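The values are calculated or read from the model by the stated rules, or taken from the named source; none is laboratory data. Since the structure is predicted, the reported quantities are computational estimates derived from the model, not experimental observations. Positions of Cβ are backbone-derived with ideal geometry, glycine not excepted, and every protein chain shown enters the neighbour counts.
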Amino acid sequence: MSKFICKIRTPQGQITKVVMYENDKITCIKKLKRNGMTPISVDQKFSVPSLENFDKNLRNKRKLTSNIYTKKRKKLDLNQDININVSVKNKVSITELRKFTQDLYLLKKSDFSNKKALIAIIKNTKNAYFNEAINKILKSVESGDVMYKTMNEYPKIFSPVYVNFIKTGELTGNLSEYLKHATNYLEHEERIKEKVKTDLIPSGITLVVTLIVIILSIIFGVPVLEKAIQSNYRMIELPKITTILMKIIGFIARFWYIFALIIAIFVGAVIRYINTEKGRYNFDHFKYTNKIFGKITYLIEFSRVIKSIFLNLQSKMRIQDALEISKNTVTNTYMISKVEEAINNLYVGKSWIPPFEEPKKLNSVTIEIMKKSEKGDLSKMLGKTIEYLDQEIEIHIEILLKRLTNISHILIAITLILFLILFLIPSIQLYLGGLLFI
């Protein structure tokens, strides 16, 4: 059995703490409720008696330095294990969240109550951090509250889009249907992340490694070669471009701390600006307008908004209310402002689509499908818009991958040119004794 410290409210309204020895938290809560107590918090008390006894014996017997060193190493290993466990415990993968959603969907389709479904899922959840979150959701359900409010307390597990699915399902009384939508959403997110992981990340790593090689080669290689040329007994004549580049690099190498300070000041100023309201808006706008990742970022986040609108419309919501709820699925202030602009347009009798045309990230086909939705079946046409957006995202991931590959090739070409100018030509000159350009 485990020891639990329970903070409770008595039937008389007094708040106090009691100690209980049970197998799990749920048993504690049930026993407290049977006795007329209202649980406020139930925390498990962990004790490590062997370590405490070891410390007492160590102090009393005053062991030798070797034993003390061994104890310190044991403590260090224990702390490392704890840190590793905490870092792993506080992470929930999309696969784990999808499994939770699928299980909850199947149980709800089998007419399980939220409480019974969560209890069944808890027993099969091995991730301690996820188990803790589900237990907290269960407590809120037992106290008569809704699940999505507790989910909002765990943003690292439940994204705004996911919480929006649960919220809409609970408020409309159609939770099982929205759990099915949430499962489809998670499967789509997992496919995109897998695509990014297998295709884009290796290209990005190649770019970074290439840049590091260029910088390190120039910083450490050029000064060494320059000294070798200066110490040579013959007069070595180099091309002007090589001489100019060597002088520039030598100047940067001598006063690197000044350039590092300038960069640090610039980065600090940018971070400070981003933390302002105007700076955050402009930075969020830049995320959509930059030439490399801008379009794909916009398409992914716009797709989330449209999917949320589509699901809310299927629940017979007005388009204004669907937009109001859907703006919570993204954190980008620029996108949120566009959604709010669309809502304002609807209230004054205008179309809600034009605000999304302004960034010019959506192609004409997407815009026309959305415009047609206003003249016919809005929900049906938005469904087609989602299908088309998913295809667009796949295409632009491929385009981005090719673009990164091209940038990588350009950097490699620049590296080879710099190697030729800064290393190969001077090395040949040294070997030939300055006869190459005579």
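The table for this structure:
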quantity: Segment 268-298, subset modelled with pLDDT of 90 or more and aliphatic (A, V, I, L, M), residue nearest to residue 387 (Cα to Cα); calculated: 274
quantity: Residue in segment 319-335 that is polar (S, T, N, Q) and over 30 Å from residue 176 (Cα atoms) present; calculated: yes
quantity: Residue 263 being within 38 Å of the chain's Cα centre (by Cα), modelled with pLDDT of 80 or more and in the same structural domain as residue 188 (by TED's automatic domain parsing); calculated: yes
quantity: Every pair of residues 6+ apart whose Cβ atoms lie under 6 Å, when the first sits in segment 160-188 and is farther than 16 Å from residue 324 by Cα while the second is charged (D, E, K, R) and in a helix (DSSP H, G or I); calculated: 175/108; 176/108; 176/109; 186/98
quantity: Where residue 321 falls short, out of the listed (1) under 23 Å from the mean Cα position of the chain (by Cα); (2) assigned to a helix (DSSP H, G or I); calculated: (1)
quantity: Check on residue 376, of a type in the set (Gly, Ala, Ser), touching a residue at least 60 places away in the same chain (Cβ under 8 Å) and within 30 Å of residue 181 (Cβ to Cβ); calculated: no
quantity: Residue match in segment 332-342 (condition: in contact with a Ser or Thr (Cβ under 6 Å, 6 or more places away or on another chain), within 15 Å of residue 305 (Cβ to Cβ), part of a helix (DSSP H, G or I) and modelled with pLDDT of 80 or more); calculated: no
quantity: Qualifying residue in segment 338-346 (condition: surrounded by fewer than 17 Cβ atoms within 10 Å (Cβ to Cβ), among the β-branched types (Val, Ile, Thr) and at negative phi); calculated: no
quantity: Flag if residue 166 is modelled with pLDDT under 80, out of contact with any Lys or Arg (no Cβ under 9 Å at 6 or more places or on another chain) and of a type outside the set (D, E, K, R); calculated: no
quantity: When residues of segment 316-337 are limited to those that are among the hydrophobic types (A, V, I, L, M, F, W, C) and more than 19 Å from residue 378 (Cα to Cα), the one surrounded by the fewest Cβ atoms within 10 Å (Cβ to Cβ); calculated: 336
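Quick grid of which residues meet (1) under 20 Å from the mean Cα position of the chain (by Cα); (2) modelled with pLDDT under 75:
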{"residue": "170", "(1), (2)": "no, no"}
{"residue": "174", "(1), (2)": "no, no"}
{"residue": "178", "(1), (2)": "no, no"}
{"residue": "183", "(1), (2)": "yes, no"}
{"residue": "193", "(1), (2)": "yes, yes"}
{"residue": "199", "(1), (2)": "yes, yes"}
{"residue": "204", "(1), (2)": "yes, yes"}
{"residue": "209", "(1), (2)": "no, no"}
{"residue": "212", "(1), (2)": "no, no"}
